[in-house]
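First up is the structure itself, then whatever we jot down about it.
Bear in mind that the values in this text are calculations on the coordinates, not laboratory data. As the structure is a prediction and not an experimental result, all values here were calculated from the model. When we count neighbours, we look across all protein chains shown, and the Cβ atoms used for this are built from the backbone with ideal geometry, even at glycine.
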Amino acid sequence: MNKQLHAVSPTDNGLLITKSAWQQALIDAITEPEELFEILKLDKQHLDKAKLASQLFPLRVPRSFATLMQAGNINDPLLQQILPLGAELNISNNYQQDPLDETAANKAPGLLHKYKNRVLLIVTSSCAINCRYCFRRHFAYDDNNPSLAGWQQAIDYIQQDEEITEVILSGGDPLLAPDRYLQQLHDMISAIPHVKLLRIHSRLPIVLPERINEEFLNWFSNSRLKPVLVTHSNHPNEISEDVRQAMQRLKHHGVTLLNQSVLLRGINDDAITLTKLSQRLFAADILPYYLHTLDKVQGTAHFAVKDSQATSIYQSLLANLPGYLVPRFVTEIAGQASKSPIFF
Ligand SMILES: *Cc1c(COP(=O)(O)O)cnc(C)c1O
Ligand code: SF4
């Protein structure tokens, strides 16, 4: 979590407030490759490379999420999303540091305005889990972490553009911020009459479902703004009973629940896994929203799925599932008016 967020956290007011369970779980996350190898009984021959790769982008995984991984299996699909690998050190042609050219859309500190009617706020710099394929692994977060007062420019920007009806809280993971901070940010946004929707993009409800507590539900659902939560899950094994219960709480509070996934080699690059993911999501009251292709970021080339294979997987999904359980298959092309659908 960044310094500015700490500056507004309740403890700084001199009050001794005990940490929420989710905050303690974050502090207790696994960050040392040695410990991960120990807990999951992994073959130590991969340890040196894991340490090396974790120097470029640290290992981070909540303990409860690690319990969903199969011990002794280096190819476990949840493990493969977080395990630092030697392959990340390879330099690949056509893979860049900022493939989406997000700097061009950076209209105010912490604000990205790429698409009509909606803006995205980068609320925090860090995540509860570090996904090895993430396009944000090289993002220049240091310029994008305003304190609450620092949001004024972004708020002014939204205020002067009456076409903006939706504000998206993203990151990093916006739900790493304390609820008090988020509530105040929410209050600034909901004071702008033309904003109607508040959307949160977060992987926390999946990797740390206890984050969906009363405090969060209170400010998010008792709002003039219609609440939307877009989770990020890539594999059916991620949808645990705890996740299902967290989603039920959100549903009872009237939150619209959607999910986005990334198509990843060795993790979900087959129709059976993705079919099961859609079914598990729906059983947890979440509708599949997007299936993204991998963004071409340095150090992630080993996750890429060939176009021909992606096409055949998607055709199987269309055949296997009712239309409402087929995520839109999209890619992101710099300069386009939206995410770009992949057509056949
Ligand atoms: C993906 C994205 C959005 C949201 O796009 P939707 O198609 O509405 O989900 C908004 N802003 C930015 C900068 C994005 O990258
Ligand atoms: S932004 Fe999302 S995909 Fe990237 S590391 Fe954080 S949780 Fe993972």
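As a rough guide to protection, the peptides 257-263, 34-40, 107-113 ranked by mean Cβ packing within 10 Å, highest first, stand as 257-263, 107-113, 34-40.
Applying 1/(1 + (r/R0)^6) with R0 = 25 Å to the Cβ-Cβ distance of THR103 and SER340 gives a FRET efficiency near 0.80. The charge dipole of the chain, taken about its Cα centre with unit charges on the Cβ atoms of Lys, Arg (+1), Asp and Glu (-1) only, comes to about 560 debye. Normalised by the number of residues in the chain, the mean separation of alpha-carbon contacts (under 8 Å, six or more apart) gives a relative contact order of 17 percent. The helix-only estimate of mean residue ellipticity at 222 nm for the chain, built from DSSP H runs of length n ≥ 4 each weighted as -39500 (n - 2.57), is -8500 deg cm²/dmol after division by the residue total. Taken over the Cα atoms of the stretch 265-344, the convex hull encloses 108 Å³ per residue. With point charges of +1 on the Cβ of Lys and Arg and -1 on the Cβ of Asp and Glu, referenced to the Cα centre of the stretch 102-341, which listed residue (TYR115, TRP151, VAL330) lies farthest in the positive direction of the dipole? It is VAL330. For the stretch 102-341, the fraction of alpha-carbon pairs lying more than 23 Å apart is 50 percent, rounded to a whole number. Span-like helix check, the chain: no full DSSP H segment qualifies, none having both a Cα axial length of 27 Å or more and a mean Kyte-Doolittle of 0.0 or more.
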